[in-house]
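First the structure, in the form of structure tokens, and then the observations on it.
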């Protein structure tokens with residue numbers, strides 16, 4: 001996340017990031033979520049050594065960003081594999097039909 005996309009304040013409610021530090025409440029300044037608050041690691045960006053902790057302040061359910069990303073990536077790969085298997089299945093059916101026709105003619 002860029003420095004321009006959020007501002008930092010200390011959390012009034014104690015929220016601890018995965019580093020074990022007190023999380024900041026950050027306020028987004030992006031067009032998608034203007035003014036929306038979230039808890040974030042005090043170290044800032046991953047490039048700065050952040051643990052990547054993220055949770056919306058107004059959400060009762062913790063958002064686990066990295067895990068969600070990984071699951072979506074796995075789902076995408078599974079969908080790609082399924083498309084490949086379907087394609088191979090159609091090719092195999094076509095080959096089978098061609099061989100059947102060849103056997104009838106023989």
- prompt: In what sequence do 27, 74 fall when counting other Cβ within 10 Å, fewest first?
  reply: 74, 27
- prompt: How large is the Kirkwood hydrodynamic radius of the range 16-106, in angstrom, based on all distinct alpha carbon pairs?
  reply: 17.4 Å
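Since every read-out is calculated from the coordinates, none of them should be taken as a lab result. These figures come from a predicted structure and were not determined experimentally. Here Cβ is always computed from backbone atoms with ideal geometry, including for glycine, and neighbour counts include all displayed protein chains.
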